[in-house]
Ligand SMILES: Cc1cc2nc3c(=O)[nH]c(=O)nc-3n(C[C@H](O)[C@H](O)[C@H](O)COP(=O)(O)O)c2cc1C
């Protein structure tokens, strides 16, 4: 049976959505079965309508299913993605995480590989702190944290963040990702899938 990877993310304007697609493609390249899922939008419609890039992204991703707690139970490994919000994860991704109390309490989140990816506007605007905040969550779950480290050249060429891919997007609102960032995100997806597979005996 193939390894099952959940790529769950939130994105307002498309940067993290593209990272999520690349992470998913990387996981699939190992033979894993992948679910790409978005977090439920929480912002008021008026806020979304006031930002054309946000509205356009929401309209363009209607066909992406929303993540559920069952997706987390199903998966052997997780890749969670979010834009930085003042150096921390978005409320939308956190809300998804905060629905998982029953699954945590019954041990259904433990012993799975877990990795995090992010986008901020600025190189030093909170990419790393946001990823590390998600690593705290993974520790509580008893998941096995999978950083990229410097285990391939890909993280170096995408800015050298060893915690997980962080894309400093500048003013980009969903413009295509640079090739090196795409490659690094694909690498991160392949790495979490490989580690999830290796952890099979731990899950029994
Ligand atoms: C409320 C809010 C807070 C943000 N906080 C930060 C921040 O602390 N540092 C930063 O560099 N960018 C910050 N940003 C910018 C986003 O993280 C950045 O544009 C990201 O690429 C958006 O990803 P998305 O296109 O997937 O939504 C913030 C944006 C918003 C709307």
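The values are calculated or read from the model by the stated rules, or taken from the named source; none is laboratory data. Keep in mind it's a predicted model, so treat the numbers as computed, not measured. Here the Cβ is made from the backbone with ideal geometry for all residues, glycine too, and neighbour counts use every protein chain on show.
Overview of values
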quantity	calculated
Output for the range 109-136, where each listed residue is more than 13 Å from the chain's Cα centre (by Cα) and on the phi < 0 side of the Ramachandran plot	109, 110, 112, 120, 121, 122, 123, 124, 125, 128, 129, 136
Residue identified as within 20 Å of residue 7 (Cα to Cα), out of contact with any helix residue (DSSP H, G or I) (no Cβ under 8 Å at 6 or more places or on another chain) and either within 16 Å of the ligand (Cβ to nearest atom) or modelled with pLDDT of 95 or more (or both) among 95, 171, 103, 188	95
Flag for residue 128 being surrounded by fewer than 23 Cβ atoms within 10 Å (Cβ to Cβ) and either free of Cβ contacts under 8 Å to residues at least 40 places away in the same chain or part of a strand (DSSP E or B) (or both)	yes
Test for residue 139: is it free of Cβ contacts under 8 Å to residues at least 60 places away in the same chain and loosely packed, with under 13 Cβ neighbours inside 10 Å	yes
Criterion violated by residue 63 - all others in (1) in a helix (DSSP H, G or I); (2) within 22 Å of residue 13 (Cα to Cα); (3) free of Cβ contacts under 8 Å to residues at least 12 places away in the same chain satisfied	(1)
The range 17-53: number of residues that are more than 26 Å from residue 75 (Cβ to Cβ) and touching a residue at least 60 places away in the same chain (Cβ under 8 Å)	1
Identity of the residue in the range 109-125, crowded, with 17+ Cβ neighbours inside 10 Å and away from the ligand (no atom under 16 Å from the Cβ), that ends up nearest to residue 161 (Cα to Cα)	115
Selection count where residues are touching a strand residue (DSSP E or B) at 6+ places or on another chain (Cβ under 6 Å) and assigned to a strand (DSSP E or B), scope the range 83-117	6
Top-ranked residue in the range 163-203 [being under 19 Å from residue 32 (Cβ atoms) and assigned to a loop (DSSP other than H, G, I, E, B); ranked as farthest from the chain's Cα centre (by Cα)]	199
Matching residues, the range 22-49, being closer than 19 Å to residue 146 by Cβ and assigned to a helix (DSSP H, G or I)	22, 23, 24, 25, 26, 27, 28
Residue satisfying condition, being closer than 17 Å to residue 79 by Cα, within 16 Å of the ligand (Cβ to nearest atom) and surrounded by 14 or more Cβ atoms within 10 Å (Cβ to Cβ), within set 133, 148	133
Residue 156, sole failed condition from (1) at pLDDT below 95; (2) touching a helix residue (DSSP H, G or I) at 6+ places or on another chain (Cβ under 7 Å); (3) assigned to a helix (DSSP H, G or I)	(2)
Pair list, Cβ under 7 Å, 6 or more apart: the range 191-204 residue within 15 Å of residue 142 (Cα to Cα), other residue surrounded by fewer than 19 Cβ atoms within 10 Å (Cβ to Cβ)	199/111; 202/111; 203/111
